[in-house]
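Chemist: The structure's right below; bear with me while I get my questions together.
The values are calculated or read from the model by the stated rules, or taken from the named source; none is laboratory data. Everything numeric here is computed off the predicted structure, so don't read it as measured data. Counting neighbours? That spans all protein chains shown, and the Cβs are built from the backbone with ideal geometry, glycine included.
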Amino acid sequence: MSDATNLTAQIDINTIPALGKEQLLELAMGPQHPSTHGVFRMNVVLDGERVMKLKPVFGYLHRNHEKIAESETYLGSMPYTDRLDYICSITNNWAYAIAVEKLAGIEVPERAEYLRVITGELTRLQNHACLLGFLMQDMGASGTPLMYAFREREKIMDLFEGLTGARMMCNYLRFGGCRVDTPAGWMDAARKVVAEFPRFLDEYENLLVGNEILMDRTQEVGILSKELAINAGISGPMARASGVDYDIRKVDHYSIYDRFNFRIPLGERGDVYDRYMIRFLEMRESIKILEQAMRDIPDGPIVDPKTKIRGFRPKPGEAYGRIESPKGELGFYLVSDGALNPYRYRVRPPSLINLTVLEDLCIGQNVADVVVILGSIDIVLGEVDR
Amino acid sequence: MNLENIKSEIEANVPGCQLEFVLNPSPSAQHSLRLDHAHAVAVATYLRDAADLRFDFCSNVTGIDWPAKELTEKVKVKKLVDGEEKEVEEVRKTTIPGTLEVVYHLFSVEKKHGPITLRMSTKDRETEVHMPSLTPVWRSAEFQEREIFDLFGVVFDGHPDLRRLLMWPDFIDHPMRRDYVAPDDFEYEPTAHDAVLQRANQHQSEAIAKLASEAEGK
Amino acid sequence: MVDEELKNEMSKQGIVTTTLQELYNWGRRSSLWPLNFGLACCAIEMIATTMARYDMARFGAEVFRPSPRQADLMIVAGTVTKKMAPQVVRLYNQMPEPKYVIAMGACAISGGPFKQGYNVLKGIDRYFPVDIYIPGCPPRPEALLDAFMSLQKMIDAQQLTGPNRPRHLNADAKSEFIVPKFGEHDLEPAQNSTVWKAPLVQISGTETDKSAK
């Protein structure tokens, strides 16, 4: 392995070819930096204010999720998935449940599918709301927008707490269904939150969307082309902002998304402004889905009592299951050798792969824009480093 | 999208490539193709560019470690025992050599189909750990291949920037390998049993001995 | 020291008495500025605590400083990985005295659910002293507020003089701790043995259990 270890040396600034200017400055942003959304580091090479090179450094939150999961039972990994993308725990549960259901061939009852859609779309609402708040914070609109976003988040947190018992780490889904049914009055409370949500969106749009400073900071900044987005595996709102018409809810027809009438908003230019606006539009579509799901939800069991959830051994084989998480394509790849625990357990993290193009987006931009571009990608470090 | 058809299509269009169909017996029925190293990039490029396939979206890249495994099976052999032909049971041991495997999951954004699964294996786990990189075909493989290099120790030839991704540069182990031994640095578990209990006891006696020696020193 | 009852009686008459120690501690505990430093999941709950609903500003602690030089309090909010640990210790060393540490959540206390991980530090108290521990995964915002009030009580009780005086008034006490280095397999050293000793716990039905008796 001697040649392998040689390759691990850090890039030396002296090896970067001269770019015509006399003085280049290497700046390490992070891992403790207020706008890196956690412990992420970028080594930026600057020529004055302009970014000439940018190398992300990962691993500051690498907490060995995959290694631990290979020694846990299948169900035992479910609470760990909560802590991947810790802003939206239920969609993580969902992706994992779908992968296991594919691996073991488990069916999900109808009511459970509706509950999954409702909780999943609520998760999308609060994720996008938080993202907008953080993005504004990164742009210097300190305080107010984030407080508005967190006000809405708290309402959805209360719903999650009423349903699952926990605010953030819901651990709600089970293979072949959900953990608990809704308590009395929960659905009405959820309807109320969803009915009031457009008011927040209107308020937020009035406050910020036409704002001149915001337009200046976001338009024509960090442009991602459609071709690069596809080739680099970009998924989720970020890809759709670049005009890639690809939403796994429509493509894979997973769960019961075929029953709902909703559209996929697409961006035109692929700049930060498009990525910002696409979240607004997606939230409005999510509200449509939620209204339809809450109207149609049938009675019935939330999990088939015959399904064995604990201590089951899937047949040897492998499965890749994926969903459209708020960040993008969240996939789980499981290899079973017939034992109680997966032989190989892999998370396909949308945040990490969306970060692949960070350097392409930032080159030639000002250093202050790096923060805004990073904010618009929507990363959560728990998922990037796992 | 039938994988058998795709396989014959690739074989017709990429001359000389050797593909192996890998059956997946689980209910997911996601079968895969094993590529040979020499033609991997050509096959990948064909999959990406062929007008009817257009697998332009490489979603997931990951490694799997398969350490060497010893299989013991009992075989009935006819043998001459004392001049008489008898059926005798014999234990045969076969060793399956260890290998590092890398798996690619492809989708098509344009045609909206997928997934198909590609796999490649290294010759062994110690020295012959090289494999062609598919980053020139799909950019999305870049960081994921770095991660595999870091955690499994597969060296991707043709990768533009192959450095450790998650662990620090001076780290020399490959922690996702099955035979990796993590540093022994936690002292006890509230509900210890079996191997963890043994380790907890050992740590405890070490700590007590240390306390005792400190007391003597005072 | 003024008698507590007498003091109350006098304050009813409009006479306020205080001591330098009380005044000093009151000033410090009422304007604790935390370091703007989130590690993982707990950081989101920490942010939620500063928002309108839980309103950490009521305790004079809403001023999150991005620079350790301006901060009094480090809230270790989340999993400390081995790759991150040297940076956390360095940040702690860069904070001026008096400085306090809250270990928020199971991961910061002991590694929590990720304790088996090869890259997870099993508790930040292996490298520097921690004042308040909050269990939970993640702790609710109320728990963080409670920890905050506990810390304020702790500061209130600190004496200006005498052998029990806090570290920042004791010129002999160390306020900087060794920053671990990246090794080939693990951090070096794996723990700061002057700060942290392996806990002696009773594991039921084991030899140490018997010997402890």
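Chemist: Is it the case that some residue within the stretch A:293-314 is among the polar types (S, T, N, Q) and at pLDDT below 90?
Modeler: Yes - at least one qualifying residue is present in the stretch A:293-314.
Chemist: Hey, can you tell me all the residues within the stretch A:356-386 that are among the aliphatic types (A, V, I, L, M), closer than 23 Å to residue A:326 by Cβ and outside any helix (DSSP H, G or I)?
Modeler: Once the filter is applied, which keeps residues that are among the aliphatic types (A, V, I, L, M), closer than 23 Å to residue A:326 by Cβ and outside any helix (DSSP H, G or I), the stretch A:356-386 yields A:379, A:380.
Chemist: Of the residues A:166, A:195, A:190, which single one is at pLDDT 90 or above and surrounded by fewer than 21 Cβ atoms within 10 Å (Cβ to Cβ)?
Modeler: A:195
Chemist: Would you confirm, using the coordinates I've provided, whether residue A:353 is in a helix (DSSP H, G or I) and within 14 Å of the chain's Cα centre (by Cα)?
Modeler: yes
Chemist: What number of residues in the stretch C:120-153 are touching a residue at least 40 places away in the same chain (Cβ under 8 Å), closer than 24 Å to residue C:25 by Cβ, of a type in the set (A, V, I, L, M, F, W, C) and surrounded by 15 or more Cβ atoms within 10 Å (Cβ to Cβ)?
Modeler: Of the residues in the stretch C:120-153, 7 are touching a residue at least 40 places away in the same chain (Cβ under 8 Å), closer than 24 Å to residue C:25 by Cβ, of a type in the set (A, V, I, L, M, F, W, C) and surrounded by 15 or more Cβ atoms within 10 Å (Cβ to Cβ).
Chemist: From the list B:118, B:53, B:80, pick out the single residue that is more than 14 Å from chain A (Cβ to nearest Cβ) and either in contact with a His (Cβ under 8 Å, 6 or more places away or on another chain) or within 21 Å of residue A:252 (Cα to Cα) (or both).
Modeler: B:53
Chemist: Checking residue A:191 against (1) under 30 Å from residue B:56 (Cβ atoms); (2) in a helix (DSSP H, G or I); (3) out of contact with any strand residue (DSSP E or B) (no Cβ under 8 Å at 6 or more places or on another chain): exactly one of these is not met. Which one?
Modeler: Going through (1) under 30 Å from residue B:56 (Cβ atoms); (2) in a helix (DSSP H, G or I); (3) out of contact with any strand residue (DSSP E or B) (no Cβ under 8 Å at 6 or more places or on another chain) one by one, residue A:191 breaks only (1).
Chemist: For the stretch B:36-75, what are the residues that are assigned to a helix (DSSP H, G or I) and of a type in the set (D, E, K, R)?
Modeler: Across the stretch B:36-75, the qualifying residues are B:48, B:49.
Chemist: Same structure, new question: For the stretch C:20-29, state whether one or more residues are at the interface with chain A (Cβ under 9 Å from one of its Cβ atoms) and of a type outside the set (Asp, Glu).
Modeler: no
Chemist: Further, regarding this structure: Which of the residues spanning the stretch A:235-285 are closer than 18 Å to residue A:122 by Cα, within 15 Å of the chain's Cα centre (by Cα) and in a helix (DSSP H, G or I)?
Modeler: A:237, A:248, A:249, A:278, A:279, A:282, A:283, listed by residue number.
Chemist: From the list A:264, A:234, A:248, A:278, which residue is farther than 20 Å from residue B:48 by Cα, β-branched (Val, Ile, Thr) and either touching a residue at least 40 places away in the same chain (Cβ under 8 Å) or more than 14 Å from every other protein chain (Cβ to nearest Cβ) (or both)?
Modeler: Of A:264, A:234, A:248, A:278, the one residue that is farther than 20 Å from residue B:48 by Cα, β-branched (Val, Ile, Thr) and either touching a residue at least 40 places away in the same chain (Cβ under 8 Å) or more than 14 Å from every other protein chain (Cβ to nearest Cβ) (or both) is A:278.
Chemist: Report those helices (runs of 4 or more DSSP H) wholly inside the stretch A:41-132 carrying at least 3 residues which are within 14 Å of chain B (Cβ to nearest Cβ), surrounded by 24 or more Cβ atoms within 10 Å (Cβ to Cβ) and in contact with a strand residue (DSSP E or B) (Cβ under 8 Å, 6 or more places away or on another chain).
Modeler: Because the criterion is at least 3 residues that are within 14 Å of chain B (Cβ to nearest Cβ), surrounded by 24 or more Cβ atoms within 10 Å (Cβ to Cβ) and in contact with a strand residue (DSSP E or B) (Cβ under 8 Å, 6 or more places away or on another chain), the helices (runs of 4 or more DSSP H) in the stretch A:41-132 that meet it are A:89-104.
Chemist: Something else: Residue B:168: in contact (Cβ under 8 Å) with a residue 40 or more places away in the chain, closer than 28 Å to residue A:55 by Cα and facing chain A (nearest Cβ under 8 Å), yes or no?
Modeler: no
Chemist: Among the residues of the stretch B:126-149, is there at least one that is touching a strand residue (DSSP E or B) at 6+ places or on another chain (Cβ under 8 Å), in a loop (DSSP other than H, G, I, E, B), charged (D, E, K, R) and at the interface with chain A (Cβ under 8 Å from one of its Cβ atoms)?
Modeler: There is no residue in the stretch B:126-149 that is touching a strand residue (DSSP E or B) at 6+ places or on another chain (Cβ under 8 Å), in a loop (DSSP other than H, G, I, E, B), charged (D, E, K, R) and at the interface with chain A (Cβ under 8 Å from one of its Cβ atoms).
Chemist: Also: So, in the stretch C:164-201, of the ones that are surrounded by 14 or more Cβ atoms within 10 Å (Cβ to Cβ) and among the polar types (S, T, N, Q), which residue ends up farthest from residue C:85 (Cα to Cα)?
Modeler: Filtering the stretch C:164-201 for residues that are surrounded by 14 or more Cβ atoms within 10 Å (Cβ to Cβ) and among the polar types (S, T, N, Q), the one farthest from residue C:85 (Cα to Cα) comes out as C:175.
Chemist: Every residue in the stretch C:43-72 that is closer than 30 Å to residue C:116 by Cβ and either surrounded by fewer than 16 Cβ atoms within 10 Å (Cβ to Cβ) or in contact with a Lys or Arg (Cβ under 8 Å, 6 or more places away or on another chain) (or both), please.
Modeler: Residues satisfying the conditions are C:45, C:48.
Chemist: Here's a follow-up. What pairs come out if I take residues in the stretch C:41-54 that are within 9 Å of chain A (Cβ to nearest Cβ) and pair them with residues that are aromatic (Phe, Trp, Tyr) and crowded, with 22+ Cβ neighbours inside 10 Å whose C-beta lies under 7 Å away, six or more apart or interchain?
Modeler: Going by the 7 Å Cβ cut-off, the qualifying pairs are C:41/A:86; C:44/A:86; C:48/A:150; C:51/A:150.
Chemist: Another question about this same structure. Please pick out the residue among B:117, B:135, B:127, B:122 that is over 30 Å from residue B:75 (Cα atoms), without any contact (Cβ under 8 Å) to a residue 24 or more places away in the chain and of a type in the set (S, T, N, Q).
Modeler: Just one listed residue meets the conditions, B:127.
Chemist: Here is a follow-up. So which residues in the stretch A:315-327 are at the interface with chain B (Cβ under 10 Å from one of its Cβ atoms) and either under 23 Å from residue A:91 (Cα atoms) or without any contact (Cβ under 8 Å) to a residue 60 or more places away in the chain (or both), if there are any at all?
Modeler: A:316, A:318, A:319, A:320, A:321, A:322
Chemist: Quick one: count up the residues across the stretch A:356-386 that are hydrophobic (A, V, I, L, M, F, W, C), under 13 Å from the mean Cα position of the chain (by Cα) and more than 12 Å from chain B (Cβ to nearest Cβ).
Modeler: The qualifying residues number 3.
Chemist: Moving on to the next point. Filter the stretch A:236-270 down to the residues that are farther than 18 Å from residue A:291 by Cβ and among the polar types (S, T, N, Q) and list them by number.
Modeler: Scanning the stretch A:236-270 gives a single hit, A:242.
Chemist: Which condition does residue C:97 not pass, out of (1) acidic (Asp, Glu); (2) away from chain A (no Cβ under 11 Å); (3) closer than 26 Å to residue A:170 by Cα, if it passes all the others?
Modeler: Failed condition: (3).
Chemist: Residues that are surrounded by 15 or more Cβ atoms within 10 Å (Cβ to Cβ) and of a type in the set (S, T, N, Q): does the stretch B:177-191 have at least one?
Modeler: no
Chemist: Within the stretch B:154-165, take every residue that is more than 7 Å from every other protein chain (Cβ to nearest Cβ) and within 20 Å of the chain's Cα centre (by Cα) and give me the one that is surrounded by the fewest Cβ atoms within 10 Å (Cβ to Cβ).
Modeler: B:157
Here's the yes/no breakdown for (1) over 21 Å from residue A:213 (Cβ atoms); (2) in contact with an Asp or Glu (Cβ under 6 Å, 6 or more places away or on another chain); (3) among the polar types (S, T, N, Q):
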| site | (1), (2), (3) |
| --- | --- |
| A:332 | yes, no, no |
| A:344 | yes, no, no |
| A:347 | yes, no, no |
| A:351 | yes, yes, yes |
| A:358 | yes, no, no |
| A:363 | yes, no, no |
| A:374 | no, no, no |
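Chemist: Residue pairs, Cβ under 7 Å, 6 or more apart or interchain, first in the stretch B:4-30 and β-branched (Val, Ile, Thr), second part of a helix (DSSP H, G or I). List them.
Modeler: B:10/B:43; B:10/B:46; B:14/B:39; B:14/B:42; B:14/B:43; B:14/B:46
Chemist: Continuing with this model, one more query. Check off (1) crowded, with 22+ Cβ neighbours inside 10 Å; (2) more than 8 Å from chain A (Cβ to nearest Cβ); (3) at positive phi for residue B:204 and give me the number that stays unchecked.
Modeler: With respect to (1) crowded, with 22+ Cβ neighbours inside 10 Å; (2) more than 8 Å from chain A (Cβ to nearest Cβ); (3) at positive phi, residue B:204 is out only on (3).
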